1. Go through the stretch 79-125 and report how many residues are modelled with pLDDT of 85 or more and farther than 30 Å from residue 41 by Cβ.
2. Kindly list the number of the only condition in (1) under 23 Å from the mean Cα position of the chain (by Cα); (2) exposed (fewer than 12 other Cβ atoms within 10 Å of the Cβ); (3) over 26 Å from residue 103 (Cβ atoms); (4) modelled with pLDDT of 80 or more that fails for residue 55.
3. For the stretch 73-106, what are the residues that are part of a loop (DSSP other than H, G, I, E, B) and exposed (fewer than 13 other Cβ atoms within 10 Å of the Cβ)?
4. Looking at this structure, is residue 109 farther than 25 Å from residue 20 by Cβ and surrounded by 18 or more Cβ atoms within 10 Å (Cβ to Cβ)?
5. When the stretch 28-55 is examined, which residues are found to be touching a helix residue (DSSP H, G or I) at 6+ places or on another chain (Cβ under 7 Å) and not in a loop (DSSP other than H, G, I, E, B)?
């Protein structure tokens, strides 16, 4: 086993920087799709309903993420990671349901996400 082969193995073991950049971009775009003023009003009026919707969508998406993660290479790490990330993503989806932003604002955030994804992927190749 040569030194070049070890370098290639180390290169593919780490977490790719592109994934972190896409995570940051998608989080910012997700938050741009939520109308904060409407969400604040909803929380003041019916806090338990907002919590129930966020937890319900979190559980549903968490179960889906856990199933997908379980069938990955590292089963238990994938299961736990899929459950946690799915629950968090589901909570954000619940906020979308409770307080959607103006359609033009959501469209612009989606365009930013798609363009950033393409740009990051293009540079990663």
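The values are calculated or read from the model by the stated rules, or taken from the named source; none is laboratory data. Here the structure is a predicted model, which is why all the values come from computation and not from measurement. No Cβ is skipped: glycine too gets one built from the backbone with ideal geometry, and neighbour counts run over all protein chains shown.
1. 6
2. (2)
3. Within the stretch 73-106, 73, 74, 102 qualify.
4. Criteria not met by residue 109.
5. The initial filter retains those residues of the stretch 28-55 that are touching a helix residue (DSSP H, G or I) at 6+ places or on another chain (Cβ under 7 Å), namely 29-30, 32-34, 39, 42-43, 50, 53-54.
Matches in the stretch 28-55: 29, 30, 32, 34, 39, 42, 43, 50, 53, 54.
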